[in-house]
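Peer 1: Please find one structure pasted underneath; my questions will follow.
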Amino acid sequence: MVDFPPELAERFSTARQVADAVLFEGYVLYPYRASAAKNRLRWQFGVLVPPAYAADAAEPVHQRTECLVEPRSGDRLAVEVRFLRVQHRTVQRAAGEGSDRTFQTVPELELPDRILVPWDEGVEERVRLVVPVAELAAGDGVHHPFVLPASHSEQDVTDGAGRVVGRLTRERQEVRGTVLLTARPLPGPYGALHLTAVVENVSGWRPEAGARREDALPYALVSAHLLLAVDRGSFLSVTDPPRWAAGAVAELRNEHVWPVLAGDDGRADAVLSSPIVLADHPRLAPESPGALYDATEIDEILALRTTALTDREKREARGTDERAGAAVDLADSLPAEVWERLHGAVRALREVTGEDAAADGEGGALPWWDPGGDRDVDPARDRVVIDGQSVGAGSRVRLGPGRRRTDAQDLFLHGRTGVVEAVLHDVDGSVHLAVTVDDDPGADLWRIQGRFRYFQPDELTPLGEA
């Protein structure tokens, strides 16, 4: 594998943290046991299957990344393809001693600290390239094939006394892939390049009749994603491009991945092309204590649930996978200050200084618009005309939500009647009516707390005064 020059390797330092989260997204789900139903169907993102299996699968053979880059003279492009390779682990029990020892495949092997079970492990693989940008732009591109050979390994399992009680065997199948890089200049005076990177699975495995996804995964590129970086140039955001590049960005064709600017805010020398759609400059939450591998959950809830597992469940998790065992041990060892940090984080608020207050309102006394301090609005007395009738607090109405949008709650409320509690104006000049629904057993409680259901005027039909 090619080693990146230090100056290019540094470009990936921040991006790699997020890339690791992408690599192991959904790797092993709570409750972290191989026997759990959630862990029967794994790896939902970025799976590139062998070509012969693609016709029977909903998953692709390739990923295509297209983005715009403004290189400097002498720039090099660093490319790193990252993915997991499936490694099947079998559990065997030992019988006999020394040269007479034999091994028999078993569904589980129980040890004092863990219960070993068969499992498909994920082994991280990287394919790296460094290409002069000028060479890439002047020629027909760079085609880089790679082959990861099949392998077999065995690992003895010992008990607390050091006696061999079993063995783990691990099998990897041959995986073949290609990386194709091309670039062409954009028309105009800007000096930007249209960069294309295609990662493709070209493994020769052919499925037999009735082959399942589990049979294809050992020959697949799992959780595949791409890192790109340049020496001194910069990439353009595909999410929020400058105006002059908007037309060129609209013509980009990204398939099964989405490229975003990576690294620290304000820098644009690295890109992460991920099978999970991210925003520019993604980063891990500082409150997150470590890898829990189940990113569909909130860290606090997930950690609390993990600590509640029984001792046997924790032993099975430790025997399922080393990463699962690490997640269990992490949850069991979190100090009180980390639990407090996990219990909610507010990022939108900041301290208001005297200078900020002066900028927000005259003398800093009020923000630029405060409905509570505006004498021209009064939710309890304001009225709005609906179908020629004046409607305000105390008016009865029939609900007809969903003319602009709809969801399950709207369907339940359609045709019901209620009482208007207030007429509210927002900063955009829109009007909303706060309503309590008739026959709602919690209406009095909602009214005391000031919690209502809100509708726009054209979603209501007047029924007169209450």
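The values are calculated or read from the model by the stated rules, or taken from the named source; none is laboratory data. Only a predicted model underlies this, so the values are computations on that prediction, with no experimental measurement involved. With ideal geometry, Cβ positions are generated from the backbone for all residues, glycine too; neighbour counts draw on all protein chains shown. Each accessible area value is taken on the protein alone, full model and side chains, heavy atoms only, with ligands, DNA and RNA left out. Shrake-Rupley method; radii C 1.70, N 1.55, O 1.52, S 1.80 Å.
Peer 1: Applying 1/(1 + (r/R0)^6) with R0 = 56 Å to the Cβ-Cβ distance of residue 170 and residue 398, what FRET efficiency is obtained, to the nearest 0.05?
Peer 2: Details: r = 67 Å, r/R0 = 1.19.
In this case the efficiency is close to 0.25.
Peer 1: Take the solvent-accessible surface of the protein heavy atoms, probe 1.4 Å, and return the percent of it on the chain that carbon and sulfur atoms account for.
Peer 2: Working: 12420 of 24510 Å².
On the chain, the fraction of accessible area on carbon and sulfur atoms equals 51 percent.
Peer 1: Quick one: what are the phi-derived ³J(HN,Hα) couplings along segment 180-194, Karplus 6.51/-1.76/1.60 with θ = phi - 60°, whole Hz, x for glycine and proline?
Peer 2: These are the phi-based 3J(HN,Hα) values: 10, 10, 9, 8, 9, x, 7, x, x, x, 7, x, 8, 10, 8 Hz.
Peer 1: Follow-up. Roughly speaking, what is the stretch gain from residue 144 to residue 305, that is 0.36 nm per residue apart minus the C-alpha to C-alpha distance, in nm to one decimal? Intermediate results must be reported in sequence, preceding the final value.
Peer 2: Numbers: separation 161, 0.36 × 161 = 57.96 nm, distance 4.52 nm.
Extra length available between residue 144 and residue 305 comes to 53.4 nm.
Peer 1: Please work out the average accessible area per residue across the chain, using the 1.4 Å probe convention, and give it in Å². Intermediate results must be reported in sequence, preceding the final value.
Peer 2: On the way: 24510 Å² over 466 residues.
That works out to 53 Å² per residue.
Peer 1: I've got another one for you. Once every DSSP H run of n ≥ 4 in the chain is given -39500 (n - 2.57) and the sum is divided by its residues, what mean residue ellipticity at 222 nm do you get, rounded to the nearest 500 deg cm²/dmol?
Peer 2: -5000 deg cm²/dmol
Peer 1: Which residues does the label zone of residue 155 cover in segment 285-320, counting backbone N under 20 Å from a point 7 Å along Cα→Cβ?
Peer 2: 291-293, 314-320
Peer 1: Helix 311-320 versus the longest principal axis of the chain: what is the Cα-based angle in degrees, 0 to 90, to the nearest 10?
Peer 2: It works out to around 60 degrees.
Peer 1: Can I ask one more? Under the Karplus relation 6.51 cos²θ - 1.76 cosθ + 1.60, θ = phi - 60°, what is the ordered set of whole-Hz ³J(HN,Hα) values for segment 209-217, x standing for Gly and Pro?
Peer 2: 4, x, 4, 10, 4, 4, 6, 7, 4
Peer 1: So who's got an amide H within less than 5 Å of the one on residue 321, skipping anything under 5 residues away but keeping other chains? H placed 1.01 Å off N, in plane.
Peer 2: none
Peer 1: Taking θ = phi - 60°, what integer Hz values does the Karplus form 6.51 cos²θ - 1.76 cosθ + 1.60 yield along segment 417-427, in sequence order, with x for Gly and Pro?
Peer 2: Going residue by residue, I get 10, x, 10, 6, 9, 6, 10, 10, 10, 10, 5 Hz, with x marking Gly and Pro.
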